[in-house]
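Student: Take a look at the following structure, please.
The values are calculated or read from the model by the stated rules, or taken from the named source; none is laboratory data. Fair warning: this is a prediction, and the values are worked out from it, not measured in the lab. No Cβ is skipped: glycine too gets one built from the backbone with ideal geometry, and neighbour counts run over all protein chains shown.
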Amino acid sequence: MAADPVYLDHNATTPIAREVAEAVWPHLTQDFGNPSSASVQGRRARVAVDRAREQVAALVGAEPDEIVFTSGGTEANNIAIRGTARHLTTRVAVTSCVEHPATAAPLAHLQEHHGWQVHELPVDGECRVRLDALPTGAIGLGTLILAHNETGAIQPVAQLAERVHRLGGLVHADAAQAVGKIPVDVDDLGVDLLSIAGHKLYGPKGVGALYVRRGTRVSPVVLGAGQEGGLRPGTENVALIVGLGVAAEVAGQLLSAEVERQAALREALWDRLARAVPGLVRVSPEQACLPNTLMVSLPGRLGAQVLEAVSDVSASTGSACHAGVHSPNAALLAMGLDADTALGALRLSLGRSTSTEDVESAATALARGLVAL
């Protein structure tokens, strides 16, 4: 039986941690109570949900009552953006031009259906938003990805928050790609809302959380009963919520060591590839970058073809394919890269299971594929 490819796609999703899987299973079987029920089983479920709320809050420096459980980062972003918009009199939003669709689409909805103005700030050559392009008038909402999902660039969220607050607005950060990979503290960032996705930090898919600072007015975007403080109606998915809580606790325990270890492996991977592949471009910034993320490109090569030719590495490309036609990633073009470089991009994202041997094996295979095509 052939060995599985080296998995360098942790920014797409992470495997469920063993501790998480063990915690989830009982709540799929014997501990099946409804947290809203007064039964013995329901009270046990409520205790489990409350414990998970404490665990998630601790990871981001929040209070438990500021955590709302959701189905994932996309729903969290929608509640944060669309749910606060209803309470804001200034219908002006600022964001970056490199946001995830889970942020860009709700903003487009506000623009199309509710008369909002949306200012997409440009980025520099390291994929970081240019705050010097902020509009000077009043701002209702600022929303910015904390760590870019493709390049790994960490954005100046705290600086944005300071300026937007000074102009009278609220600030939301999409931290789905950051939480569990780098230290995240809501007070240090100064944000009013922050989104978390479970499957990005070794938790289950289909669960996430939204941090809502006390006093921030938010309305639900789905109507129903009063669960999650009325912001996310529907019976709580206790098993997945418990899994997210354990994933958050484990991430906090491992964070410091894993940041250092994965950053060292990332640099080793870059060194191996750069020596073996003449002309290779490092797209990810060297500083203020997710420690696990390395995006590279060889201009003139098509990233998708490289991955097709290298069957022993799992990774992602920086381009999209529709009907057999490849188009360059818009975020890379916004950085100032030419189309050839953008089309050649490969995103290599490491994780807790990535070893030195994995890096060596992947570097050899990728170098062979890049040079051969």
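Student: Among the numbered criteria (1) within 22 Å of Glu286 (Cα to Cα); (2) surrounded by 14 or more Cβ atoms within 10 Å (Cβ to Cβ), which one does Leu88 miss?
Tutor: Only one criterion in (1) within 22 Å of Glu286 (Cα to Cα); (2) surrounded by 14 or more Cβ atoms within 10 Å (Cβ to Cβ) is unmet by Leu88, namely (1).
Student: Condition test on Thr103, is it assigned by TED's automatic domain parsing to the domain that holds Thr74, among the β-branched types (Val, Ile, Thr), surrounded by 15 or more Cβ atoms within 10 Å (Cβ to Cβ) and assigned to a helix (DSSP H, G or I)? It would help to see each step written out before you state the result.
Tutor: Details: assigned by TED's automatic domain parsing to the domain that holds Thr74: yes; among the β-branched types (Val, Ile, Thr): yes; surrounded by 15 or more Cβ atoms within 10 Å (Cβ to Cβ): yes; assigned to a helix (DSSP H, G or I): yes.
For Thr103, the condition - assigned by TED's automatic domain parsing to the domain that holds Thr74, among the β-branched types (Val, Ile, Thr), surrounded by 15 or more Cβ atoms within 10 Å (Cβ to Cβ) and assigned to a helix (DSSP H, G or I) - is met.
Student: Further, regarding this structure: Go through segment 277-373 and tell me which helices (runs of 4 or more DSSP H), entirely inside it, have 1 or more residues that are surrounded by 19 or more Cβ atoms within 10 Å (Cβ to Cβ) and of a type in the set (Ser, Thr, Tyr). Full working, then the answer.
Tutor: Working: elements: 303-309, 330-334, 339-343, 356-372.
By residue number, 339-343.
Student: Another one. Can you pull out every residue in segment 267-295 that is within 20 Å of Thr341 (Cβ to Cβ) and under 22 Å from the mean Cα position of the chain (by Cα)?
Tutor: Selection gives Arg282, Val283, Ser284, Pro285, Glu286, Cys289, Thr293, Leu294, Met295.
Student: Could you check Ile16 against (1) under 25 Å from Ser316 (Cβ atoms); (2) outside any loop (DSSP other than H, G, I, E, B) and say which number it fails?
Tutor: With (1) under 25 Å from Ser316 (Cβ atoms); (2) outside any loop (DSSP other than H, G, I, E, B) applied to Ile16, the lone miss is (2).
Student: Can you pull out the residues in segment 180-211 that are closer than 21 Å to Val238 by Cα and hydrophobic (A, V, I, L, M, F, W, C)?
Tutor: Correct list: Ile196, Ala197, Leu201, Val207, Ala209, Leu210.
Student: Which numbered condition trips up Ala38, out of (1) in a loop (DSSP other than H, G, I, E, B); (2) surrounded by 14 or more Cβ atoms within 10 Å (Cβ to Cβ)?
Tutor: Every listed condition holds for Ala38 apart from (2).
Student: Looking at segment 227-240, is at least one residue under 21 Å from the mean Cα position of the chain (by Cα), at pLDDT 95 or above and either among the hydroxyl-bearing types (Ser, Thr, Tyr) or closer than 30 Å to Glu286 by Cα (or both)?
Tutor: Looking through segment 227-240, none of the residues is under 21 Å from the mean Cα position of the chain (by Cα), at pLDDT 95 or above and either among the hydroxyl-bearing types (Ser, Thr, Tyr) or closer than 30 Å to Glu286 by Cα (or both).
Student: Under 8 Å by Cβ, and 6 or more places apart or on different chains, what pairs join a residue from segment 158-169 that is assigned by TED's automatic domain parsing to the domain that holds Ala147 and acidic (Asp, Glu) with one that is surrounded by fewer than 22 Cβ atoms within 10 Å (Cβ to Cβ) and at pLDDT 95 or above?
Tutor: Cβ pairs passing all conditions: Glu162/Gly190.
Student: Follow-up. Residue check, Ala268 against (1) among the small types (Gly, Ala, Ser); (2) touching an Asp or Glu at 6+ places or on another chain (Cβ under 9 Å); (3) closer than 28 Å to Leu193 by Cβ; (4) surrounded by 13 or more Cβ atoms within 10 Å (Cβ to Cβ), all met but one. Which one?
Tutor: It fails just one condition, (3).
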